[in-house]
Amino acid sequence: MNGTCLNPLPIGELTLKNRVITAPMAGLTNYAFRQILSRQRPGLIFTEMISAQALVYQNQKTLELIQKPPQAIDEGGFVPLAVQLSGSDPAYMAQAAKLAAKLGADVIDLNMGCPAPKIIKNGEGCRLMQTPDLAARIMEAVVCAMEQYQAEENLTTKIPVTVKFRSGWDDESINCVPFAKMAENLGIFAVTVHGRTRQQFYGGKADRDCIAQVAAAVDIPVIGNGDIISPADAVAMLQQTGCAGIMVGRGMLGNPWLIADIIAVLSGGVPRGKPDKAEILRAALAHLRLQAAYSPNGDEMAVCAMRTHLAHYFKGMKHAAMMRQAVNQMKTIKEIELAFADWSAKE
Ligand SMILES: Cc1cc2nc3c(=O)[nH]c(=O)nc-3n(C[C@H](O)[C@H](O)[C@H](O)COP(=O)(O)O)c2cc1C
């Protein structure tokens, strides 16, 4: 194992305590889940992608999306927060970055990898890999906005700007290496490369070669992303690509403990492994209650918002499909508590 894996990871003037980063995931990495993730002590936590335009218009729901967990009171101190912005208008992106910084963002990340049709249609997300001139103008505008913000607020350090993108649009247009070099030249402090094309969406296998090529081509930290669902995957990603850090997405759904396990293995320790069914169900309920505490319309909204997370917690358990269907019909936390108690008693 490469010894540098144990070291902190500098991103500009910010130093991450370790090299394990939680991915931005729309609809999932909200305030409640970020609190749960922060207890696993990753080096950096991402929000989900936030529309720059909605942030500029101070949409209340959007402001909540970037709220920072109360990590200062959490053991082990503070885990920095990366706010990820999506958009295609350099001026909006710059303005949104300043607002996010004011609201406490420690890193501003630019989404240039989202494959969703509604995002692509607006010229945002991965479409920007096909319009590198516009991507460059966005990067420049946001880097410049952070320089202005530092001067305006008299800050001693600059908030780093990072970019997350894919290997390319499709197999015929893999351009992650020139894209990363362009980002580096424009003052971007780190890049995350998801080793899939837009055409692949989330299917197939993530290509580690692309990530290795980017890591060899630039001097800024490269974060490798795609298909890390075990500590061994994290080790393989670091070893095979020479990337500086790793980002975990789907693997942490229903299994936030994976983050602490990866950190343990990278530190030469022993992973604890996924807890038993009783502990997972207790954690799922605690997650649900946390979600309810931040849902303005109470239980029903929280239960609905938690359906995907609950399905992930159930994965691999006996009767998981039946439980998933059952909770999808439920409206209150009480009903779910009773169903869990019943389910636990069955085996
Ligand atoms: C449901 C879902 C939502 C996602 N939302 C975002 C997002 O808001 N911003 C982003 O950059 N990537 C987003 N992604 C991509 C992930 O951050 C990550 O790049 C991808 O899932 C590959 O990593 P993994 O194999 O570890 O899941 C999303 C992925 C999924 C499955």
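Please treat every number below as a calculation from the coordinates, not as lab data. A quick note: this is a predicted structure, and the numbers were derived from the prediction, not measured. Neighbour counts run over all protein chains shown; Cβ positions are idealised from the backbone, glycine included.
Could you give the radius of gyration (one decimal) and Dmax (whole number) of the Cα atoms in region 302-347, in Å?
9.9, 28
Can you tell me which lysines have their Cα less than 26 Å from the Cα of K315? Leave out same-chain residues fewer than eight positions away.
The reachable lysines, counting only those whose Cα sits under 26 Å from K315, are K205, K274, K277, K331, K334, K346.
Apply the Kirkwood formula to region 136-255: the hydrodynamic radius equals the inverse of the mean of 1/r over all pairs of different alpha-carbon atoms; give it in Å with one decimal.
By the Kirkwood definition, the hydrodynamic radius is 15.1 Å.
Can you give the net charge of the other residues whose Cβ lies under 9 Å from the Cβ of M237, counting K and R as +1 and D and E as -1?
-1
What's the angle, to the nearest 10 degrees (0 to 90), between helix 333-346's Cα axis and the longest principal axis of the chain?
The two axes meet at around 60 degrees.
Tell me the label-point distance for the pair N328, Y57, using the 7 Å Cα-to-Cβ offset, in nm and rounded to one decimal.
3.2
Work out how far the C-alpha atoms of the chain reach from end to end along every principal axis, then list the three figures in whole Å, largest first.
60, 46, 41
On a 0 to 90° scale, report how tilted helix 176-185 is relative to the longest principal axis of the chain, with both axes built from alpha carbons and the result rounded to the nearest 10.
Taking Cα atoms only, the helix is inclined about 60 degrees.
If the elastic network links every pair of Cα atoms under 10 Å, which of C243, C176, C304 fluctuates the most in the Gaussian network model of the chain?
Highest fluctuation of the listed residues: C304.
Quote the relative contact order of region 277-346 in percent (integer), defining contacts as alpha-carbon pairs under 8 Å separated by 6+ residues. The partial results should precede the final answer.
Details: 45 pairs, mean separation 24.1, N = 70.
With pairs under 8 Å counted, the relative contact order is 34 percent.
If all Cα-Cα distances of region 104-197 are sorted into 10 Å bins from 0 onward, what percent lands in each bin, rounded to whole numbers?
In whole percents, the pair-distance histogram is 17, 47, 27, 8, 1.
On a 0 to 90° scale, report how tilted helix 277-293 is relative to the longest principal axis of the chain, with both axes built from alpha carbons and the result rounded to the nearest 10.
70
Could you tell me the calculated FRET efficiency between A116 and N185, based on Cβ-Cβ distance and R0 = 25 angstrom, to the nearest 0.05?
Efficiency at R0 = 25 Å is approximately 0.30.
Restricting to DSSP loop positions (anything but H, G, I, E, B) with no more than 13 other Cβ atoms inside 10 Å of their own Cβ, which trypsin sites (Lys or Arg not before Pro) remain in region 204-277?
Passing both the DSSP loop test and the Cβ count: K205, R272.
To check my understanding: the extent here is largest minus smallest coordinate of the Cα atoms along each principal axis. What are those three numbers for region 26-155, in Å, largest first?
44, 37, 27
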